[in-house]
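First up is the structure itself, then whatever we jot down about it.
Taken together, the values in this text are just the output of simple stated rules run on the coordinates, not laboratory data. Predicted model only: the values in this text are computed from it and were never measured. Heads up, the Cβs are rebuilt from the backbone with ideal geometry, glycines too, and the neighbour counts pull from every protein chain shown.
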Amino acid sequence: ETALMSTVTTGTNAGCYAYSGWYLPLAAGNSTASVAQPSERVISSQTLLGGVLLTPTYIPPNSAQITAANSTECNPIPVPGTSNLYGLDYLTGTATTSLAASFGGTSTAIATSISLGSGIASSPVLHSSGGNVTAAFGISGGTSLQSIGTLSQAANGEISWREPVENQ
């Protein structure tokens, strides 16, 4: 994770950080290796709930997997890649303690992603009950459920710039 920031040099906020956003470098591909591996990519919509940005990613199959499936240009056989789910604090782009139980890690290092398995994952559909959140993904012709954990700020309902403030 990389936070894009600079330091304010003048005024009452001198010495403070001025955040300009963040980005997450995904796994880079390798076309020069003996087994060409495509890059990880985001191809489904992200979801924000309780300050956690959930982002499914996809890594296409490598050349060895395609060859092992006997897939050719004349006889293409679908070969699934793999999908991952990233869960990051939407303000900082870093791991969030609310995902420690479901994403794993230690008290000092929380994992930022988990594997969803083989295939292309859809955008997450979230269910919140009593603060416990579960994400459902369409993947490889089925549905995969992933516990997201307890998000204290999680609330049901739509809030957008079009919704009047009194309805929130």
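Couple of notes before you dig in:
- For the peptides 137-143, 121-127, 23-29, residues were scored by their other Cβ atoms within 10 Å and the scores averaged per peptide; the highest-first order is 121-127, 137-143, 23-29.
- Three-way shape label, region 15-127, alpha-carbon gyration tensor, a/c 1.5: prolate
- Rounded to the nearest Hz, the phi-derived 3J(HN,Hα) couplings of region 59-67 under the Karplus curve 6.51 cos²θ - 1.76 cosθ + 1.60 (θ = phi - 60°) are 10, x, x, 8, 5, 5, 5, 5, 5, where x marks glycine and proline.
- The H on the amide N of Gly29, modeled in the peptide plane, is under 5 Å from the matching H of Ser39, Glu40, each at least 5 residues off or on a different chain.
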